[in-house]
Each structure stands twice: as C-alpha cells, then as structure tokens.
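Asks: This is the structure I want to talk about, given as structure tokens.
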C-alpha cells in the first residue's frame, strides 16, 4: 500500500530527487538538473534501496529518478517503491537491461519512463521536460460527477458461448461510443482473454491484488491497469495453471471498489464459477448480461442462473443475449422453445459471423470495433445503449416483461418439454 497522504509532508515536496548507483550516473544527471532549476545536491547515492528507505520517512518529490542497476527483480522493487510514494509523483527509472518486455512491464506498473544506461543527455533532458509537462498539465474536470457509476457483469451460461467476446465489445463501446472512462475487469484468472483480445500484455496487476489485497488502493489501480486507449483500461491475468486461486474474494471486492472510484464504467467478465464462489461480486452490479447459445445444456444452466439472480440479486437487471446463432437456423432448440424453457424473452440475438470474428482476432480488436460496419452486429451497440439507459436513468426493465406463457408448468417441466421438442425435430 502506498504511503498515506500527509498534508504537512506534501507541503514540503522537493521538485526533484534522484537515487543512483554510481558516480558516473550522478555526474550525468547533475548538469541537466541544474538546467531545469533543480538542486544538484538532491542526486543521492544508493539506488532503489536507498530510495525506498528515504521515502518511507520523508515526502515524495514531484519528480523521482531511480537507478535499477543493482536490482535483481526490477518489477518487484518498483512495487516496493510504490508503497512509499505519495500520489502525484512522476517516476523515471534507469537500468542496464535492454529488454522491450521489461520496459513495457515497468511502464505498465506506473513509471513514466525507463532510460537505458549509459545515460544519453538529450534523451534524459527530454524525459525530464516531459515529466514536468505532465505535472503542469491541467487536471481533467470530471463532468460526470453527478452520473451514477455504470457497473455491468457479463456471464456465460456455458464455456465457449462468447461471453468474453461480448464483455470486451461492451467495454470498447462504453469507452468509445458512450465516451465513458471504462475498466474491463477479467476475473478468469488463469485463462482470461480480456487483454489478449485487445492485443495487450495482461501484466501482474490482478495476481498481485489476489496475493496482497492490502496493497489495493487508487495508486495500485493506476499502476496495475493496462491501458487500451485513453478511455479504456484492462485488468487481466494469465496466472500459472499450477497455481490455484487462494482467496476469500476480498481482493475482488476491493478491486471493484477502487475501480468504481477511478472509472465511470466497470465491465466485469465474470466466469459462472466465480458467481457461485463469490456472490458478493454482484452486490453493486446494476446490469448482468447473460450470454447463451441455443442448446439444451445452455437452457438448463440459463434457468439455474436466472433463478440464482432472482433469489440472490433481485436488484440486478438481467439482459439475455443469444450469441453465435447460425444463420441457417440449425440449432438444438428453437428461440421460441428456449424462451419457453427460461420463462422470458431473449433480449438480443447476435448471429455467428466467422469472417468478422477472425478479422477481429487478427487485428487485436474487439468484435464490435472490427465489425462496426457490419449490420448483423448492431445488437452489440444496442446492448451497450441499454446498459447506459438502465444505469443512468435507473430505468426498470421488468423481468416479467415478455415472459413466455406456459401455464402451470415448473421450470424443470418447461426444460423437459423443450428437450422433447428438440429430440422430435432431430428425429
């Protein structure tokens, strides 16, 4: 957890402090510090270790330069530095490892820049000028402070129905078309595709949060989220499959709380197993998009999940989406029989579009973006508009609206009837 904000310490912030590992680096920084109007005596020896020790008892500077040359695990050590840095500090790091992946991971963790040693004066000067520009940039005014936070969970009735595809598209639509700052939280810790679908590296943010829930705060979210655009950020993971998730769910709840404070919209890609194990994840979700296919197994599980929501989260508005529906109409259960079995209408139907799906995967774009000119995929935008309507206006879409008529039949009876009809059609 980063150092708590202390007004007295913050009032005495230095404009610049550096912690370096060798005199050569110190001599390279001092003249450029003087050019910027900074005190050259603020270039200290000791590298990252000294930086963590010093900043644990003193105010963080506006601009902090740290030398990672003696660090055996730069990413872990940067996280240790984050625990003692106060909000608002711009961090520039340097080191001897010339690795693009390390650079990306460090930037994703929250540092402003990573400079390769030996330091080039022009590049270093440019980095400092850019850091000062960031500090002096006017803060964005939040024009949506009176607007309620939009929280939507996307759940698949079965694996492979395309729930993650819908979640990624919804997040993109809310950020790009609805112009909302949006966080995509992919809670499939081992096999999540939220970052992959956006052509991003997932980073370690989500696994770090699970392992150390006490570290989760606003600064952690800022460093852990991987930006897909100015309005869209992702928190995903690719945890080793030999490492089971050991958590009581507190970390997931804290993540949602911090994301709520930092973003206007949250889209949670929620595996159905997580719904069962951590039901509190739905407590602040206004809309749940239940993605299904028109099969017998999906009908059975849709019935169970809908029933769960009625009992455990009656405040959450359910939106049912039939996804990847073949244009030929060759499905196990017809739409009419499926609706009869779940006792309500399917809200949206999205056709199977293999060509656009392949193109989206190749381009590293959400399906909604790759297929924005494909008329058959218009329901994706309609779902996003409905989500915004529910969360902004508090519009109540009755679960009874359009309910299928089947007098006197139980849920199991309706499912059994659908199965019989499907088998009869196959015969």
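Asks: Quick one: in the range 295-363, what % of C-alpha pairs are over 20 Å apart?
Replies: Within the range 295-363, distances greater than 20 Å cover 39 percent of Cα pairs.
Asks: Right, something else. I need the peptides 326-336, 291-301 ranked by packing, meaning the mean over residues of other C-beta atoms within 10 angstrom, with the highest value on top.
Replies: Sorting 326-336, 291-301 by mean packing, highest first, produces 291-301, 326-336.
Asks: OK, next. Cα centroids of the range 343-380 and the range 248-327: how far apart, whole angstrom?
Replies: Computed from Cα coordinates, the inter-centre distance equals 20 Å.
Asks: Further question: Order by neighbour count: 30, 125, 386, fewest other Cβ atoms within 10 Å first, most last.
Replies: Least crowded to most crowded, the residues run 125, 30, 386.
Asks: Starting from the alpha-carbon convex hull of the range 8-136, give the projected area averaged over all orientations, in nm².
Replies: 7.1
Asks: Next question, about the same structure. Suppose R0 equals 35 Å; then what is the FRET efficiency for residue 149 and residue 102 from their Cβ-Cβ distance, rounded to the nearest 0.05?
Replies: 0.50
Asks: Where does each of 362, 42 land when they are ranked from fewest to most other beta-carbon atoms within 10 angstrom?
Replies: Ascending number of Cβ neighbours within 10 Å: 362, 42.
Asks: What nm distance separates the two modelled labels at residue 297 and residue 130, each placed 7 Å from Cα along Cα→Cβ?
Replies: Simple spin-label model gives 4.9 nm for this pair.
Asks: In nm², what is the average projected area of the convex hull enclosing the Cα atoms of the chain?
Replies: Spelled out: convex hull of the Cα atoms, projected over all directions, averaged, 23.5 nm².
Asks: What do you get when you divide the Cα radius of gyration of the range 96-254 by 2.2 N^0.38 Å, with N the number of residues?
Replies: Compactness ratio reported: 1.18.
Asks: Could I ask something else about it? Can you give the helix-only mean residue ellipticity at 222 nm for the chain, where every DSSP H stretch with n ≥ 4 adds -39500 (n - 2.57) and the sum goes over all residues, rounded to the nearest 500 deg cm²/dmol?
Replies: Theoretical 222 nm ellipticity from helices: -13000 deg cm²/dmol.
Asks: Then there's this: Nearest 5 is fine: what % of DSSP beta bridges in the chain come out antiparallel, could you say?
Replies: For the chain, the DSSP antiparallel bridge percentage is about 5.
Asks: Assuming a ≥ b ≥ c are the square roots of the Cα gyration tensor eigenvalues, decide whether the range 221-285 counts as rounded (a/c under 1.5), prolate (otherwise, with a/b larger than b/c) or oblate.
Replies: The shape class here is oblate.
Asks: Thinking of the range 10-66 as a set of Cα atoms, what percent of all their pairs are more than 17 Å apart?
Replies: In whole percent, the share of Cα-Cα pairs in the range 10-66 beyond 17 Å is 32.
Asks: What's the angle, to the nearest 10 degrees (0 to 90), between helix 296-312's Cα axis and the longest principal axis of the chain?
Replies: The answer is roughly 70 degrees.
Asks: Can you put 269, 22 in order, fewest other beta carbons within 10 Å first?
Replies: With the sparsest Cβ surroundings first, the list reads 22, 269.
Each reported figure results from applying straightforward, stated rules to the coordinates on display, with no laboratory input. Bear in mind the structure is a predicted one, so any value in this text is a computation, not a measurement. Don't worry about glycine lacking a Cβ; one is built from the backbone with ideal geometry, like all the others, and counts go over all protein chains shown.
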